[in-house]
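Data block below; observations after.
The values are calculated or read from the model by the stated rules, or taken from the named source; none is laboratory data. Everything numeric here is computed off the predicted structure, so don't read it as measured data. Note: ideal-geometry Cβ built from the backbone for every residue, glycine included; neighbour counts use all protein chains shown. Ligands, DNA and RNA are stripped out before the accessible areas are found, and what is left, the full protein with its side chains, is counted by its heavy atoms. Shrake-Rupley method; radii C 1.70, N 1.55, O 1.52, S 1.80 Å.
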Amino acid sequence: MRCDILLAGVGGQGLLSVAAVIGHAALSLGLHLRQCEVHGMAQRGGIVQSHIRYGDAPLYSDLVREGTADLILSLEPMECLRYLPFLRPEGVVVTSSVPVRNVPDYPDLALVLAAVRQIPHHRIVDAAALASEAGSPQAANFAVLGAATPHLGLPVNALAASLDAAFASKDTRIREANARAFRLGVAAACDAAAPSLG
Amino acid sequence: METRLLLGDEALAQGALDAGLSGAYAYPGTPSTEITEYIRRSPEARERRVVGSWATNEKTALEAALGMSYAGRRAMASMKHVGLNVAADPFINAALAGANGGLLVNVADDPSMHSSQNEQDSRLYTEIALVPCVEPANQQEAYDAAAYALELSERHSIPVLVRLVTRLAHSRAPVTLGPSRGQNPLSASTDRTRYILLPVHARRSYDRLLEKQEEMVRESETSPFNVLSLGSDRSVGVLACGIAHNYLLEVTDGRPAMPVLKVGQYPLPIRLVKRLAGECRSLLVLEEGYPYVESRLAGVMGQTLPIRGRLSGALPRAGELSPRLVAEALGLQATRGLPASPVPVPRPPALCPGCPHGDTCRALVDALALVRGTGRVFSDIGCYTLGALPPYSAIDTCVEMGASITMAKGAADAGLHPAVALLGDSTFAHSGMTGLLDCVNESSAVTVVLVDNATVAMTGGQASAATGRIEAICLGLGVAPEHLRVIEPLPARHAENVAVLAEEIAYPGPSVIIARRECLQTLKRRRGASGQGGAV
Ligand SMILES: Cc1ncc(C[n+]2csc(CCOP(=O)(O)OP(=O)(O)O)c2C)c(N)n1
Ligand code: SF4
């Protein structure tokens, strides 16, 4: 088994927390893991991305090779479109539908979502709706993670445990909201028969 | 044996702690910052009373590490690549004085300039200083490199440069920790001839350093970081330096068919290179940064063997490597993904909404408009450099840390008025104070706008060396009290701030306006805002 993922988002969305949750879940199952992050300048409201790779055979590169990613998990709809050359033709895009419009020339959202719908295998998640249903708008990142679970090759319970452990030092309200958002994401993914119906 | 999930930076730090490190000194800079942050957070470091210190700049950091090494203990200084320019003087001269306790200089290069103004290659500095360099290929090697390089440093009494690059510094992988060793006892050097670099001593030190060079090559030839493996495809032999070796393994499923020399320690292991060359009909050099190895080989064996790499055009001259580029250079089949989308627009980093620097930039632009003329703003490096972008467009230059006050002075000397310098509190401490003294000494007509947000915000909010002492420093350097002004950059105070700036810009001598308001990010952290959803 091997999974190569590109995580995409904007500074402040909690992308690196999602990476940490996936990474710890993979490690807890005894898999090999490599995860590459963007730190520093790029974080200030700019683009944030992370490459995360795991599998049962040794991995060498910290970066995903172009044309080989199994999944692009994106917390913002325009951001997933930046990395399409990394996605293998059968790969899947799971993205939040909620735009972060912090640039004046942000394209028309309809155009952005239309471009996402052209990707052969995609799932668009209304992460804001799921997060507010979960009781915490900040937990949108974990709603998207939940919606991506069918493509991660990791048991949902391992991810849920890793999510809980990551916030072990935080107050129970936060942990519960994160867990609810994650479960709502998982449920949203089950509702749709195939990702391209999203 | 314990396994931890660590960044390359953190693995190096943990390796040094386990190797009996007594002191880590640094000035922050992406992608090296997490080395020292890790030490400062580490409960083990606290327990063992390891010094983990943010210095005023890279030069003071390296000198403190040199002093700790002089006292017999193991020490290291960490910095980003351009930091080594600032610390070049102690770096090159420490090679002559040598190390007593093991001395590491950890330098993180930033090919592709993810967060830097250039992509200089620190390996070239080791040729000037004549010191060895260890370049780990992965996180485990970064951990192992610390103990290995400290030992090498003590064995030959020479500082060792450990080179990291962004992708290793900022990538995580599981790292297996080794046994932990105690710290060296205090045993200060008694060798005055070694540490007093008067010409008469220095000549002898230099001779000794030159004599060590052959030993350094022999060390490289038997180093666990330099490994020659043979292969059946003799059309090409690959020299894969540092993390380039990972990309080679990635695109060949871990089993390259050709002979490969994995390079992780310099000076180059000449005998291994010759053996590789004897195994194949051409050479391909894979290296991050400059075509450092390639250009040296081209000089030695370029006549007899075709050599390809960044110089020959087989790989791009600039920017970091990737699995795709390495596969292309090897002539492997491309793996094609979906076509690139034309929809996304760039999303440049910006000041946080409500950032004090935004208010200062707006006030400065309006104040300069008031006085009209050919004014320029010589900026420095920090969050405020983002004032270069719209809607502010407030600055005209940003070259390297410290080049605000001093460039403004030169321009003022040339007759340019107004000449405004814009710099942060940490940059002022790092390399602004000396330039301000130059301005005071010559009564230069320079207006210094010192944006004091009480932190090193750009690199994640480390403690800033001059916090709480900026007025005292300026007055001590001789700035006239009536031309040392303090403003609070807030939208509500815009008009009065513009007036203060305009007054001081009109003054034909040195003045300092401190624009003081705390960085919103450190403020949030200090108030313990709950980290819902956000960072773990
Ligand atoms: C020689 C050198 N060392 C370190 C860095 C990394 N770096 C960039 S700006 C900066 C300091 C910024 O602090 P300050 O001047 O207080 O401005 P702030 O970001 O807080 O606004 C640092 C450490 C660098 N670019 N060059
Ligand atoms: S981190 Fe602080 S100084 Fe930097 S832009 Fe944000 S508020 Fe301003």
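Taken over the C-alpha atoms, region B:315-419 has Rg and Dmax values of 21.1, 63 angstrom.
A viscosity of 1.306 mPa s and a temperature of 10 °C, combined with the Kirkwood radius over C-alpha pairs in the Stokes-Einstein formula, give region B:3-211 a diffusion coefficient of 96 µm²/s. If you plug the beta carbon distance of B:MET113 and A:ALA187 into 1/(1 + (r/R0)^6) with R0 = 56 Å, you get a FRET efficiency near 0.80.
Neighbours of A:ARG183 by Cβ distance under 14 Å: Lys/Arg scored +1, Asp/Glu scored -1, total -2.
Can you give the net charge of the other residues whose Cβ lies under 10 Å from the Cβ of B:ILE470, counting K and R as +1 and D and E as -1?
Residues close to B:ILE470 contribute a combined charge of -1.
Take the Cβ-Cβ distance between B:THR176 and A:ASP105 as r, set R0 to 60 Å, and report the resulting FRET efficiency rounded to the nearest 0.05. Using R0 = 60 Å, I get an efficiency of 0.80. At the listed q of 0.18, 0.22, 0.29 Å⁻¹, the Debye profile of region A:22-74, built from one uniform point per Cα, gives log10 I(q)/I(0) equal to -0.67, -0.91, -1.20.
Working note: Cα gyration tensor of region B:28-120, eigenvalues times five, square-rooted, sorted largest first, giving semi-axes of 22, 18, 9 Å.
With a 1.4 Å probe and all protein chains left in place, how much accessible area per residue does chain A have, in Å²?
Dividing the accessible area of chain A by its residue count gives 36 Å².
When each of the peptides B:513-524, B:135-146, B:176-187 is scored by how many other beta carbons lie within 10 Å of its residues on average, the order from highest to lowest is B:135-146, B:513-524, B:176-187. Would you mind counting up the charge near B:TYR292? Only other residues with Cβ under 10 Å from its Cβ, with Lys and Arg at +1 and Asp and Glu at -1. Overall, the nearby charge balance is -2.
In whole percent, and with a 1.4 Å probe on the protein chains, what portion of the accessible area of region B:455-501 is carbon and sulfur? That share works out to 61 percent. What residues from region B:460-477 fall in the zone where the backbone N is under 19 Å from a label point 7 Å along the Cα-to-C-beta line of B:ARG525? Only B:460-468 fall inside the zone, counting backbone N under 19 Å. Distance distribution note for chain A: the fraction of Cα pairs above 25 angstrom is 30%. Rolling a 1.4 Å probe over the protein heavy atoms of region B:124-183, with every protein chain left in place, gives an accessible area that is 55 percent carbon and sulfur.
Each 10 Å bin from zero up to the one holding the largest Cα-Cα distance in region B:356-523 carries the following percent of pairs: 12, 46, 37, 5, 0. Kirkwood radius for chain B, taken over all pairs of different Cα atoms as the inverse mean of 1/r, rounds to 25.1 Å. What percent of all Cα-Cα pairs in region B:227-330 falls in each 10 Å bin, counting up from 0? Distribution as computed: 16, 56, 28, 0 percent. In the calculated pair-distance distribution of the protein assembly as shown, the portion above 37 angstrom amounts to 45 percent of the Cα-Cα pairs. Taking amide hydrogens as placed 1.01 Å from N in the peptide plane, the amide H of A:SER74 sits under 5 Å from those of A:ALA8, A:VAL94, A:THR95, A:SER96, each at least 5 positions away in sequence or on another chain.
Considering every pair of different Cα atoms, what Kirkwood radius, in Å, is found for region A:84-126? All intermediate terms of the calculation are to be shown ahead of the outcome.
On the way: mean 1/r = 0.0875 Å⁻¹.
About 11.4 Å, per the Kirkwood formula over Cα pairs.
Computed with a 1.4 Å probe over protein heavy atoms only, the accessible area of B:GLU151 comes to about 90 Å². When you filter the trypsin sites (Lys or Arg not before Pro) in region B:349-446 for DSSP loop state and at most 13 other Cβ atoms inside 10 Å of their Cβ, you are left with B:ARG372. Among the residues of A:81-89, the average count of other protein chain beta-carbon atoms within 10 Å of the residue beta-carbon is 5. The label-point distance for A:MET1 and B:SER232, in a model that sets each label 7 Å from Cα toward Cβ, rounds to 3.4 nm.
Evaluate peptide B:168-176: per residue, the Cβ atoms of other protein chains within 10 Å of its Cβ; return the mean as an integer.
On the way: counts 2, 2, 8, 11, 12, 10, 6, 0, 0.
Neighbouring Cβ atoms belonging to other protein chains average 6 per residue here.
If you model region B:390-451 as an ellipsoid using its alpha carbon gyration tensor, with each semi-axis the square root of five times an eigenvalue, the axes come out at 18, 15, 9 Å, biggest first.
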